[in-house]
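Here is the structure we will look at, set down as structure tokens.
The values are calculated or read from the model by the stated rules, or taken from the named source; none is laboratory data. Since the model is a prediction, treat every value here as computed from it, not as a measurement. Cβ placement follows ideal geometry from the backbone for every residue including glycine, while neighbour counts extend to all protein chains displayed.
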């Protein structure tokens with residue numbers, strides 16, 4: 001095994017030094033992670049702006065229980081299902097990036113190209129299946145999670161606003177929004193796959209810049225189609241589709257131009273629609289942790305959204321007075337949870353690439369430093385996200401629910417918001433061991449950690465839901481979510497400490 005490592009190192013000297021081998025581990029990790037974190041920040045900022053614009057420009061009025069129904073509330077109901085379905089495509093993009101990195105560390109350039117071609121084929125096939133699933137189960141899903149909101153705005157295909165203009169009803173608006181997003185997922189994830197390939201080639205700055213350039217297009221079209229032309233969430237979906245296509249075109253142009261001069265290993269070529277079992281298994285193995293994490297997250301959010309939507313509102317019950325506020329504020333709660341997770345996940349993706357690269361070369365010390373510095377960066381990102389959201393609490397609540405809560409700590413929504421941020425910290429940190437195992441090709445450990453962490457969180461969340469049935473106090477949901485996430489994280493890190501040491505001792509056998 002040691003002879004093979006020496007041959008790889010000699011081959012590396014003959015063919016040139018990869019960017020992952022230049023400078024200290026911390027500088028390599030920071031240079032790799034920084035563009036990803038910046039991209040995640042822009043993604044998060046856009047998601048806030050998109051939800052805010054949807055809440056502002058798409059208004060379905062109130063139902064018979066006095067619950068405000070707007071675009072923000074609708075998005076909160078749509079995205080759990082969409083997140084689960086999109087996870088199957090995202091996992092291919094994640095897996096292709098790790099598989100590509102592995103081939104690059106071995107100087108197997110032909111294999112790297114082949115693995116990426118396999119990933120693009122898988123994205124296309126899964127995208128078609130996803131679209132069909134959305135078309136079939138979209139309406140039943142929306143009617144289920146909406147619960148007692150299923151009143152006139154849901155039953156009718158159209159409804160009349162106060163100004164006499166006929167608009168889509170909420171259920172049809174949300175359904176067609178999901179259909180359009182289903183189409184947008186394909187160019188979106190083709191773009192994501194190339195982003196991860198560029199990162200593996202040391203072009204993380206370009207991989208972040210191209211998607212960022214599409215955000216102004218998306219925001220402008222959001223405003224134009226929802227505010228000016230009153231297309232509702234359908235307009236938001238069209239804006240996302242246009243931005244996804246423009247990002248894919250920009251990515252294709254860059255790879256085509258740079259590939260001509262051999263500045264990139266990857267080349268733009270016609271897609272060969274075939275999937276070899278061996279490469280498909282490698283891609284899916286690397287990405288299984290990401291897939292299961294997204295599925296569990298989607299199930300948790302869908303369960304909580306469905307519960308809030310199915311509360312039987314009795315306005316004579318003092319505990320039910322805030323139900324309209326809970327439904328209007330749920331979007332900002334979920335966005336807040338995702339912000340910390342997304343920023344830390346950006347660092348975790350960098351960790352996975354470097355772990356895959358260094359473990360394949362048998363670089364034990366660099367592997368240790370990658371984990372140490374990576375975890376420190378993930379903690380910094382998670383805390384930074386929480387501080388930003390806490391400082392903007394009043395602004396965000398006012399924007400999403402048309403009521404200012406600010407720092408009124410005795411207010412249950414303010415407490416729930418704080419608990420959501422506490423919940424987001426362990427959720428944002430737990431991908432680190434998963435990404436380490438994925439980078440080291442340890443599928444059983446990857447699956448075990450994902451199932452353990454998310455299973456514990458889901459168990460505690462379910463307990464909170466059960467207690468809420470009789471007490472009608474949504475705050476308990478967030479209490480149990482926060483406790484469950486912290487408890488699960490302690491267990492995960494305890495197990496990771498010993499399994500990681502064992503992997504290091506046997507690194508030469510990887």
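The residues in the range 462-476 that are touching a helix residue (DSSP H, G or I) at 6+ places or on another chain (Cβ under 6 Å), touching a residue at least 24 places away in the same chain (Cβ under 8 Å) and either exposed (fewer than 14 other Cβ atoms within 10 Å of the Cβ) or part of a helix (DSSP H, G or I) (or both) can be counted, and the count is 3. Among helices (runs of 4 or more DSSP H) entirely within the range 142-250, having at least 1 residues that are modelled with pLDDT of 85 or more and touching a strand residue (DSSP E or B) at 6+ places or on another chain (Cβ under 9 Å) singles out 170-200. Tell me, yes or no, whether the range 453-461 has at least one residue that is surrounded by fewer than 17 Cβ atoms within 10 Å (Cβ to Cβ) and touching a helix residue (DSSP H, G or I) at 6+ places or on another chain (Cβ under 8 Å). The answer is yes; a qualifying residue exists. Just so you know, in the range 99-109 the residues that are in contact (Cβ under 8 Å) with a residue 24 or more places away in the chain and assigned to a helix (DSSP H, G or I) include one that is farthest from residue 19 (Cα to Cα), and it is 99.
Would you confirm, using the coordinates I've provided, whether residue 373 is in contact with a helix residue (DSSP H, G or I) (Cβ under 6 Å, 6 or more places away or on another chain), modelled with pLDDT of 75 or more and either under 30 Å from residue 106 (Cβ atoms) or not in a helix (DSSP H, G or I) (or both)?
Details: in contact with a helix residue (DSSP H, G or I) (Cβ under 6 Å, 6 or more places away or on another chain): yes; modelled with pLDDT of 75 or more: yes; either under 30 Å from residue 106 (Cβ atoms) or not in a helix (DSSP H, G or I) (or both): yes.
So residue 373 fits the description; yes.
Looking across the range 93-111, just one residue is crowded, with 24+ Cβ neighbours inside 10 Å and modelled with pLDDT of 80 or more, and that is 100. Cβ separations smaller than 6 Å between residues 6+ apart or across chains give the following pairs from the range 110-123 residues that are on the phi < 0 side of the Ramachandran plot to residues that are modelled with pLDDT of 85 or more: 116/197; 119/193; 123/189; 123/190.
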